[in-house]
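These notes concern the structure reproduced below.
The values are calculated or read from the model by the stated rules, or taken from the named source; none is laboratory data. Computed from a predicted structure; not experimentally measured. Don't worry about glycine lacking a Cβ; one is built from the backbone with ideal geometry, like all the others, and counts go over all protein chains shown.
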Amino acid sequence: MNKASIEICTLIIENRECGGRADQTILEVAEEYGIFIPTLCRLSGLSSIGACRMCLVEVKGSNKLMPACVTKVQEGMEVTVNSERLAEFRKLTLEMLFSERNHICSVCVTNGHCDLQSLAQKLGVNHITMPYIHPHVQVDASHPRFIADHNRCILCTRCIRVCQEIEGAHTWDLMGRGTKARVITDLNRPWGESESCTGCGKCVQVCPTGALSEKGQAAGEMLKRRTFLPYLSMMREVGK
Amino acid sequence: MTKAKAAKARVATVWLDGCSGCHMSLLDIDERLILLEEKIELVYSPLVDAKVFPENVDVALVEGSISSEEDLHKIKIIRKNSKVLVSLGDCAVTGNIPSMRTVFSLESMLERVYDENATINQQVPTKVVPKLLERVMPLHEVVDVDIYLPGCPPSAENIFFAISELLEGRTPDLTLTARFGA
């Protein structure tokens, strides 16, 4: 790949003139300029899919809100990251994530180290305006080392992506639609019976909440270790 | 009543379906309780003798979720009689641990607790104790809430800050210090 031939764009993000390569996303350029855009499903080192809608931004000339993690920059683009409308949508989306499952932070293994919990605080979500659904969902403790607690899952699909893209096992996948959607192992078999799972635990480490955790952890004890990811994705690039 | 006494803010604290941990955290403000005592009159609380929630309450701090018909009855009176209602702690704000039973039907939950897991005198209580609601709710699902103070429990620091700000007539900004779960 001839990197020198890649087009350079200048654009405005949050009233600041920024420059980026045409193959970069709004989020990547914003981060280079230290402009904060909230994210939840995105994790550096994995592909971006725009699932969580936290990084929605306004682009001048378009009525649609664009997910910054998958929208490529364009010459002359004017991007708004913070507006009342965006703040309201982000809060509402977070609230829906909380109301859709049973996120009982106080007794969760990741209490105090949870991406969902800390983003809620950062964006000023101090209560959930819609009624909780309280779905009856399962906890899969069949794996000898790990637990999948679907009460805490926000369907970010980081587990699916790390398993497919980094480990290459594709044990995790998604089943069902809407509020009935679930992450599954193999063809919806118990995790402990999975034939494709290598037991590497990467899914556990990238999970933003307490949905995937190591066994034997009490409330607040599950710390996620994600430092391996930039290294492995760099190695993957080198190997190409 | 002296003039100084009349100027005191009328504060109430209430314990609905919670573990009283929020009240323990309130007591954890330690020596600053004396500072508060100079500014407030505690008109209703598990910590004082009043049995009926009084009228003209300036600030009501309510711990716990709405889980029974009694809670439902109480919160409506509390709202009617209070100028500022503070949702104190995760049970009041989110339903928290009490709400974990909502994923099961009330009937199956009662059977599990009072029949299946009981070793003697198996029966679901129907007398004296208030009837449980099918669904456990945070306060704001039933009444309007003015201030949300999440945490399990909220820190003594946050409780003291919230009360102090309210006494000064300001709305406490707890965004940076209070979150669900702690």
Original post:
Do we have any residue at all in segment B:147-164 that's within 8 Å of chain A (Cβ to nearest Cβ), part of a helix (DSSP H, G or I) and surrounded by 19 or more Cβ atoms within 10 Å (Cβ to Cβ)?
Top reply: no
Residue hits (segment B:80-110; in contact with an Asp or Glu (Cβ under 7 Å, 6 or more places away or on another chain), away from every other protein chain (no Cβ under 14 Å) and either buried (at least 16 other Cβ atoms within 10 Å of the Cβ) or farther than 28 Å from B:Glu165 by Cβ (or both)) are B:Asn81, B:Val84
Of the candidates A:Val29, A:Val59, the one satisfying the condition of being farther than 24 Å from A:Gln117 by Cβ, touching a Gly at 6+ places or on another chain (Cβ under 6 Å) and not assigned by TED's automatic domain parsing to the domain that holds A:Arg158 is A:Val29
The correct count of residues that are out of contact with any Phe, Trp or Tyr (no Cβ under 7 Å at 6 or more places or on another chain) and at the interface with another protein chain (Cβ under 9 Å from one of its Cβ atoms) in segment A:91-109 is 7
Segment A:172-240: strands (runs of 3 or more DSSP E) wholly inside it with 3 or more residues that are farther than 18 Å from A:Cys153 by Cα and within 18 Å of the chain's Cα centre (by Cα) are none
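What strands (runs of 3 or more DSSP E) completely inside segment A:46-102 contain at least 3 residues that are at pLDDT 95 or above and among the aliphatic types (A, V, I, L, M)?
In segment A:46-102, the matching strands (runs of 3 or more DSSP E) lie at A:56-59.
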Only unsatisfied item for A:Ile166, checking (1) more than 20 Å from A:Ile104 (Cα to Cα); (2) assigned to a loop (DSSP other than H, G, I, E, B), is (2)
Screening B:Val129, B:Val113 for residues that are away from chain A (no Cβ under 14 Å), outside any loop (DSSP other than H, G, I, E, B), aliphatic (A, V, I, L, M) and surrounded by fewer than 18 Cβ atoms within 10 Å (Cβ to Cβ) leaves only B:Val113
If you go through A:Thr171, A:Thr227, the only one that is out of contact with any Pro (no Cβ under 9 Å at 6 or more places or on another chain) and at pLDDT 95 or above is A:Thr171
